[in-house]
Amino acid sequence: MFNSKAKPSDTPVGSTTIIGAGTTIIGDIESNGDIRIDGNLIGNLRSTAKILIGSDGSVEGDINGLQADILGKVTGQLKIKELLQLRGRSIIEGEIYAGKLEVEPTATFNGSCHMGANVVELSVELGNVVNK
């Protein structure tokens, strides 16, 4: 069950981390696998895979990932390298940097949006320079 030789960065292919409804996490999360949030995160989220915020999920912080599918509420900056989907009754308050953006008519977005792969890469590089 527990392998003492496994490293924290060794995430099995196809693994998904789920933050369930009724759970609140305060702090930053980093994941090499897919992550689904149906609860609440107060902090930043970084993933090298797909991020899904469920319809009852909420994030108060910045999100940085490869792909994202948002159905819940996000307050903060989103930096998505590939495709960002705002679906259902999602509510986004903040700045978006995305390679591609898909917005359903029922979604709400208040903020600014910057699109294109070069924009996302540049914003990540500038963010790293500013944060150092």
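The values are calculated or read from the model by the stated rules, or taken from the named source; none is laboratory data. Quantities reported herein were computed from a predicted structural model and do not represent experimental measurements. Note that each Cβ is placed from the backbone with ideal geometry, even for glycine, and that neighbours are counted across all protein chains shown.
Of note:
- When each of VAL129, VAL74 is tested for being under 20 Å from ILE18 (Cα atoms) and either at pLDDT below 95 or part of a strand (DSSP E or B) (or both), the lone residue that passes is VAL74.
- For THR23, the conditions (1) of a type in the set (Ser, Thr, Tyr); (2) more than 12 Å from the chain's Cα centre (by Cα); (3) within 26 Å of ASN118 (Cα to Cα) all hold with the exception of (3).
- Segment 50-83, residues that are in contact with an Asp or Glu (Cβ under 7 Å, 6 or more places away or on another chain), farther than 17 Å from PHE109 by Cβ and crowded, with 17+ Cβ neighbours inside 10 Å: LYS50, LEU52, GLY54, GLN67
- Scanning segment 45-69 for residues that are within 9 Å of the chain's Cα centre (by Cα) and within 16 Å of ALA21 (Cβ to Cβ) yields LEU52, ILE53, VAL59.
- Every residue from segment 31-48 that is surrounded by fewer than 17 Cβ atoms within 10 Å (Cβ to Cβ) and modelled with pLDDT under 95: ASN32, GLY33, THR48
- Residues located in segment 84-115, provided they are surrounded by fewer than 22 Cβ atoms within 10 Å (Cβ to Cβ) and of a type in the set (S, T, N, Q): GLN85, THR106, THR108, ASN110, SER112
- Check on ILE18, outside any loop (DSSP other than H, G, I, E, B), surrounded by 16 or more Cβ atoms within 10 Å (Cβ to Cβ) and either modelled with pLDDT under 95 or on the phi < 0 side of the Ramachandran plot (or both): no
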